[in-house]
Amino acid sequence: MHKLAELDHRYLWHPFTQMRDWLKEEPLVIVSGKGAVLRDVHGSEYLDANSSIWTNLHGHNHPAINAAIRRQLKKIAHSSALGFASEPASLLAEKLVHAAICPLAKPSTSPTLPSAPRVTQERGARKGPPADQPTLSKVFFSDDGSTAMEVALKLAYEYARRIGRSPTPRFLSVEGAYHGDTVGAVSLGHIDLFHKAYGGLLFKSDTVMAPYCYRCPFNRAKPERADAREYRRCKWECVSKVEQRFARQKKTGNPYAAMVVEPLMQGAAGMIAQPEGWLARIAGIVRADGAQLIADEVMTGFGRTTASRAGAEKNVRFDPIFACHQEGVQPDYLAVAKGMTGGYLPMAATLTTQAVFDAFLGGYSEFKTFFHGHSFTGNQLGSAASLASLNQLLSPSCRRARHTLARSLQENLATLWRLPQVGDIRQAGLVAGIELVRDWRSRRPFDLTERAGIRVCEAMARRGVLTRPIGNVIALLPPYCSTRSQVSKMIEALGDAVEETFRKA
């Protein structure tokens, strides 16, 4: 065993890892990377098929981001944001606010949002959110996705109290939700495997069914060899459930402060992709109720869901970098992290409106301050890396590359339908989830104790492709620099790994 692997076994405790299993074998020790390729201590190379846990956008060792960090290092690495401003943080906040303008929504600066019409339940209807939506104009920096969501939660909680909406604000989120691991973020989550152990620490939040077309009890369609969203037969019952939840809560006299969603794709829930129109309909319900909308774009933001809506792939100019904007939805809080620095440094942000900001203004003696912060808030190195990543992300060449890559991913994923253990393939731009089942005709799942997803990913690693499963779902999120041949190798390795794993079963 390599000395570094021995040190790891001796001293490290890894996240979301059963350490008894970890200690049985020599771990991969990654020492370098270039583009979509990672290299370990033994010189072996691997394709990074999940962008280093969904963070790396443009590839490892990107020259523009490297140069930006080196330039900043010659000035200063970090100074406190408590009482001081900084150059890169100020420039980054401006750029984020401009990037967060929804191209399909008419902005509104009024604190009171207009009501939306009641959504219709016919499948063909294209009812969307109201035309007037909030403008995101303020940025609060933090460290990671959990803290970005914690900021949104605390702001929404206190805002609801200060405007008199509720003395004891409540929140609604979606089944299978995962919004981070800090106590507030965990309270918004609904994955028992992750969260049940901490139940005694949490506040209660309500849940509503996820738009999980493949396993929806209201979907009357028989399994086909296609994304379940394409052949589903339903009457938008999942939307009706949200509407009923809001109505029921309103009758209590304590309406919801906010609803929390991951736009277009629920990540840790198993890459559950929402059918087109779901998000817009939900936003309409939230606005009609007068509640606020919190968009968790920790995974889906910064171009990850490129070209995931009908017709978008034909119009590269329509390429909003945030998922909610693809349905014309502008939230009251936009939480971003993961790919914010291009995968280089931990940094996050929560964007919100002038109305929320104003609710925390007052004289010193009123103590209306937002009492929350982080030592490395808006740190200069992270801000410099984020600025370089955003510049790259918004360039025409990167936009074209993302669209091309999304098409290539879609074409290669289609080859997996030949496998009887592939039940559903869900894609939103440059993120995909492949759900493994015992047999596609029955949709029968593997028990988690069978480690089906883990065994497939281990077989992929033997073929030079690295990713991590979510239960029985194999997640693929290639870096934007990935070539057609690299994407083809990722999918080929996955297909071969599935065949090898279940041939032995």
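The values are calculated or read from the model by the stated rules, or taken from the named source; none is laboratory data. Bear in mind the structure is a predicted one, so any value in this text is a computation, not a measurement. So basically every Cβ, Gly included, is an ideal-geometry build from the backbone, and we count neighbours across all protein chains shown.
Things worth noting here:
- Long-range neighbours under 9 Å by Cβ, at least six apart or interchain, first residue free of Cβ contacts under 8 Å to residues at least 60 places away in the same chain and within 19 Å of Glu94 (Cβ to Cβ) within region 339-354, second crowded, with 24+ Cβ neighbours inside 10 Å and aromatic (Phe, Trp, Tyr): Met340/Phe302
- Test result for Leu91, under 28 Å from the mean Cα position of the chain (by Cα) and of a type outside the set (Lys, Arg): yes
- Exactly one residue among Asp319, Asp289, Asp296 is acidic (Asp, Glu) and either in the same structural domain as Gln410 (by TED's automatic domain parsing) or at pLDDT below 95 (or both), and that residue is Asp319.
- Leading residue by the ranking (farthest from the chain's Cα centre (by Cα)) among those in region 22-36 that are in contact (Cβ under 8 Å) with a residue 40 or more places away in the chain and closer than 26 Å to Ala64 by Cβ: Gly35
- Flag if Thr182 is among the β-branched types (Val, Ile, Thr) and surrounded by 14 or more Cβ atoms within 10 Å (Cβ to Cβ): yes
- Verdict on Leu12 being under 29 Å from Gly342 (Cα atoms) and touching a residue at least 24 places away in the same chain (Cβ under 8 Å): no
- The set of residues in region 328-378 that are among the hydrophobic types (A, V, I, L, M, F, W, C) and part of a loop (DSSP other than H, G, I, E, B) comprises Val329, Ala337, Leu345, Met347, Ala359, Phe360, Leu361, Phe367, Phe370, Phe371, Phe376.
- Leu390 passes every criterion in (1) among the aliphatic types (A, V, I, L, M); (2) within 19 Å of the chain's Cα centre (by Cα); (3) more than 24 Å from Asp143 (Cα to Cα) apart from (3).
- So Leu92, is it assigned to a loop (DSSP other than H, G, I, E, B), modelled with pLDDT of 95 or more and buried (at least 20 other Cβ atoms within 10 Å of the Cβ): no
- Pairs are defined by a Cβ separation below 8 Å, a sequence spacing of at least 6 or placement on different chains, a first member in region 201-223 that is surrounded by fewer than 15 Cβ atoms within 10 Å (Cβ to Cβ), and a second member that is of a type in the set (Asp, Glu) and not in a strand (DSSP E or B); no pair meets this definition.
- Those helices (runs of 4 or more DSSP H) lying entirely in region 391-505 with at least 1 residues surrounded by fewer than 21 Cβ atoms within 10 Å (Cβ to Cβ), of a type outside the set (Gly, Ala, Ser) and at pLDDT below 95: 396-413, 484-504
- Test for Ala228: is it touching a residue at least 24 places away in the same chain (Cβ under 8 Å), more than 26 Å from Ala288 (Cβ to Cβ) and surrounded by 18 or more Cβ atoms within 10 Å (Cβ to Cβ): yes
- For Val242: the one exception among (1) assigned to a helix (DSSP H, G or I); (2) modelled with pLDDT under 95; (3) crowded, with 23+ Cβ neighbours inside 10 Å: (2)
- Odd one out for Gly382 among (1) under 18 Å from Ala49 (Cα atoms); (2) not assigned by TED's automatic domain parsing to the domain that holds Glu499: (1)
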